[in-house]
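Visitor: Right, I'll just put the structure down here and ask away after.
The values are calculated or read from the model by the stated rules, or taken from the named source; none is laboratory data. Keep in mind that what you see is a predicted model, and the values were worked out from it rather than measured. A quick note on method: Cβ atoms are made from the backbone with ideal geometry, for glycine too, and the neighbour counts reach across all protein chains shown. All accessible areas refer to the heavy atoms of the entire protein, side chains included, with ligands and DNA or RNA removed. Shrake-Rupley method; radii C 1.70, N 1.55, O 1.52, S 1.80 Å.
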Amino acid sequence: LDEVRGIAEGSGLDWETVFAHQLADEEWWYRRYRHSSRRNDTGQESGQCTAIGVFGQVDRPSLLAQTWDMPKYVDGFQVLLHIKHQESRLESFVITIAGVVAAMGLNNRSVGVCVNTVLQLDHRVDGLPVDFVVRGVLSQSSLENAAAFVQRVKHASGQNYMIGGPTQVLSFESSANQVRQYAPSAVSGRVYHTNHPIVNDDLAIYEAALTKATPEEKVAGEKREAHSRKRFDVVANQVSDASKTITVETIKSILSSHEAPVCCHKGKDLSMTAGCVTMELSTSPVLHFAPGPPCSSPFERFTF
């Protein structure tokens, strides 16, 4: 909150506007809940991110990656923050847009976090917003502490947090009343997620809304979920072979796929892939970031 106040002071904007700017995921469910716009029901403005985690490969670090799909107006405002934590030796690389405290990131203790909006899950107005959960994860010095943090806090929005460390990657579907860990059963050491709930059944608000929805709204919701499931299957088909070694370049290729599509460009839709990140969670962690669709945006490499 001190940072948000600082952004407001430094930019000359009022505090309420800058605080609201931190609440992308919360704005999506708030707007739908208030029925102030129907655009969100198409699923084209809310998140369409695809996340992958790989661990347990012999002599290779854990890998954590995602596409970052956002409304097209954020293009050109992507930033990478290098944060040095106060009264701590922790440092973080935080990927976000200008004026926002976080979207995803990696710290120098090899704790990384990626996120997937799961708008069907229940929300709460007294929960911690997604961007602040991300910063909370990056304030932890170990995967165990990060996982405990995500399971401890109240969550404002339905979200899957994929959290990685040197030896493991964990995935938590989080909502107003539940946090459930998800792990595909097909093969150990591989985890992936898109934008529909798999193990968390905290759906009361969504199911109540469906009873009042128009046929057009129901069709739009079905299309959004079908798109999420198609991306999920694309990734599963690429990483579920336990005999196949998954490298940084393998993940970049998967997330650059136009099947589904996983990688989305500017076009008639309201959203696009505003960035793509791959993290090597080794003793000396490495972050690879492309500020745009990964099929055509060059990745840069960052180390602490």
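Visitor: For V79, list long-range residues whose amide hydrogen, built 1.01 Å from N in the peptide plane, is under 5 Å from its own amide hydrogen.
Guide: Answer set, sorted by chain and number: T96, I97, A98.
Visitor: To the nearest 10 square angstrom, how much accessible area does W29 have with a 1.4 angstrom probe?
Guide: Per-residue accessible area (W29): approximately 20 Å².
Visitor: Now for a separate question. Report relative contact order for the chain in percent, whole number only (criteria: Cα-Cα under 8 Å, sequence separation at least 6).
Guide: 21 percent
Visitor: Please give the solvent-accessible surface of F55 in Å², to the nearest 10, using a probe radius of 1.4 Å with every protein chain present.
Guide: Approximately 50 Å² of F55 is accessible to the 1.4 Å probe.
Visitor: Compare R124, R301 by solvent-accessible area with a 1.4 Å probe and give them largest first, with all protein chains kept in place.
Guide: Reading off the accessible areas and sorting them downward yields R301, R124.
Visitor: A follow-up question, please. Taking amide hydrogens as modeled 1.01 Å from N in the peptide plane, which residues meet the under 5 Å criterion relative to G292, leaving out close sequence neighbours?
Guide: So G292 has HN proximity to G275, C276.
Visitor: Using a Förster distance of 25 angstrom, determine the FRET efficiency expected from the C-beta separation of Y33 and E3, and round it to 0.05.
Guide: With R0 = 25 Å, the Cβ-Cβ based efficiency is 0.35.
Visitor: Can you tell me the mean projection area, over all orientations, of the convex hull of the chain's alpha carbons? Units nm², please.
Guide: Over all viewing directions, the chain projects a mean Cα-hull area of 15.0 nm².
Visitor: So what is the 222 nm mean residue ellipticity for the chain from helices alone, if each DSSP H run of at least 4 adds -39500 (n - 2.57) and you divide by all residues, rounding to the nearest 500 deg cm²/dmol?
Guide: Taken over the chain, the calculation gives -9000 deg cm²/dmol.
Visitor: Arrange the residues T194, T211 by how much accessible surface each exposes, largest first, with a 1.4 angstrom probe.
Guide: Descending accessible area places them as T211, T194.
Visitor: How high is the relative contact order of segment 1-154, given as a whole-number percent (alpha carbon pairs under 8 Å, six or more residues apart)?
Guide: 18 percent
Visitor: Would you mind computing, in nm to one decimal, how far apart the modelled labels at S185 and N145 are, each placed 7 Å from Cα along Cα→Cβ?
Guide: It works out to 3.5 nm between the two label points.
Visitor: Which order do you get for K252, K244 if you rank them by accessible area with a 1.4 Å probe, largest at the top?
Guide: K244, K252
Visitor: Looking at this model, which pairs from K230/K266; K212/K266; K230/K252; K72/K230 are more than 30 angstrom apart at the alpha-carbon?
Guide: In this structure, K212/K266 exceed 30 Å between Cα atoms.
Visitor: Can you give me the accessible area per residue for the chain, using a 1.4 Å probe, in Å²?
Guide: So the chain comes to 45 Å² accessible per residue, rounded to a whole number.
Visitor: Roughly to the nearest percent, how much of the accessible area of the chain is carbon and sulfur, given a 1.4 Å probe?
Guide: Of the solvent-accessible surface of the chain, carbon and sulfur hold 50 percent.
Visitor: Would you mind telling me which residue in I198, I251, I52 has the biggest mean-square fluctuation in a Gaussian network model of the chain, where springs connect alpha carbons within a distance under 10 angstrom?
Guide: I198
Visitor: Same structure again: Can you give the charge dipole size of the chain about its Cα centre, rounded to the nearest 20 debye, using +1 on the beta carbon of Lys and Arg and -1 on the beta carbon of Asp and Glu?
Guide: 380 debye
Visitor: With θ taken as phi - 60° and the coefficients 6.51, -1.76 and 1.60, list the Karplus ³J(HN,Hα) couplings across segment 175-183 in order, rounded to whole Hz; mark glycine and proline as x.
Guide: Each residue of segment 175-183 in turn: 8, 4, 10, 8, 10, 10, 7, 10, 9 Hz.
Visitor: Per-residue accessible area for S271 at 1.4 Å probe radius, Å² rounded to 10?
Guide: 10 Å²
Visitor: Go through segment 160-168 residue by residue and turn each phi into a ³J(HN,Hα) via Karplus (6.51, -1.76, 1.60, θ = phi - 60°); whole Hz please, and just put x for glycine and proline.
Guide: 9, 9, 9, 10, x, x, x, 10, 7
Visitor: Hey, quick one: spin label on D14, modelled 7 Å out along Cα-Cβ, who in segment 84-108 has an amide N within reach, i.e. under 20 Å?
Guide: Under 20 Å, as judged by backbone N against the label point of D14, lie 99-100 of segment 84-108.
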